[in-house]
């Protein structure tokens with residue numbers, strides 16, 4: 001009995017030493033659902049779009065597909081979310097069967113490093129250069145272009161990416177593309193720019209509906225606010241129901257957190273200049289909740305003096 005137990009322990013030690021020698025680390029955090037993956041990496045996908053002009057929807061869809069929502073062996077043990085192999089790679093590798101047996105895939109120190117390398121991989125190779133002539137919002141053309149350039153061998157690769165984007169509405173993360181043109185380049189980041197950035201500090205306030213917010217001041221842009229509070233542009237847009245072309249005005253309320261599903265005020269009496277979005281901002285109440293509780297659409301006009309109900313009916 002003692003002999004068998006000792007032999008078992010010895011086997012475990014040998015196996016552990018073997019794993020250590022191969023350089024296989026503990027698996028990275030596991031993402032149990034696609035929704036968790038999107039929530040975790042959507043901000044980084046937008047950051048990559050801003051820097052490299054690759055649609056965030058495409059980056060997210062590829063990450064979802066290639067890494068199985070972050071649950072693949074490559075993602076867990078090598079932080080490789082895009083299935084990029086070791087071609088012209090001087091870093092560490094992780095080996096796995098793919099088109100051929102025991103192929104080398106790039107190994108990264110973090111998932112964010114994988115996202116960065118994915119952007120470099122596409123932007124530095126001539127066979128993908130034609131993609132950067134496409135519009136950022138045209139995710140279908142990008143998906144078909146990736147297949148045409150030979151990113152994957154699966155004949156349905158483009159259709160799968162398009163399906164993922166549309167099913168999970170990943171195209172919403174491409175809406176920040178307009179602001180990407182306003183982002184300063186490294187050459188423009190002078191001492192003057194840094195001084196201006198330091199002056200544009202805001203006091204974070206607490207809305208009556210228990211949501212953090214700031215009020216816009218002169219010189220603010222949606223990008224500068226996202227940068228100051230280390231948020232994704234998509235978050236500024238989503239939390240405030242913004243659309244492309246919206247202009248940030250002085251004293252505008254900008255929420256730094258999602259608005260609430262309910263508030264303590266029963267109804268709002270419409271005044272001159274009010275619209276559904278401004279009422280949503282005023283009370284920190286989600287736009288879709290106001291529309292549902294009043295059985296109206298975003299395009300409907302409001303009559304001065306009419307009531308917009310903010311709480312659920314008790315009928």
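The values are calculated or read from the model by the stated rules, or taken from the named source; none is laboratory data. These numbers come from a predicted model, not from an experiment. Using ideal geometry, Cβ is built from the backbone for each residue, glycine included, and neighbour counts are taken over all protein chains shown.
Structural remarks
- Filter pass, residue 61 being closer than 25 Å to residue 40 by Cα, within 24 Å of the chain's Cα centre (by Cα) and surrounded by fewer than 18 Cβ atoms within 10 Å (Cβ to Cβ): no
- Hits in segment 116-170 - residues which are touching a residue at least 24 places away in the same chain (Cβ under 8 Å), under 13 Å from residue 52 (Cα atoms) and part of a loop (DSSP other than H, G, I, E, B): 136
- Filter result for the condition that a residue is at pLDDT below 90, more than 12 Å from the chain's Cα centre (by Cα) and under 18 Å from residue 235 (Cα atoms), over 36, 51: 51
- Selection from segment 101-115 of residues that are in contact with a helix residue (DSSP H, G or I) (Cβ under 8 Å, 6 or more places away or on another chain) and assigned to a loop (DSSP other than H, G, I, E, B): 107, 108
- Going through (1) touching a helix residue (DSSP H, G or I) at 6+ places or on another chain (Cβ under 6 Å); (2) modelled with pLDDT of 90 or more; (3) surrounded by fewer than 17 Cβ atoms within 10 Å (Cβ to Cβ) one by one, residue 27 falls short only on (2).
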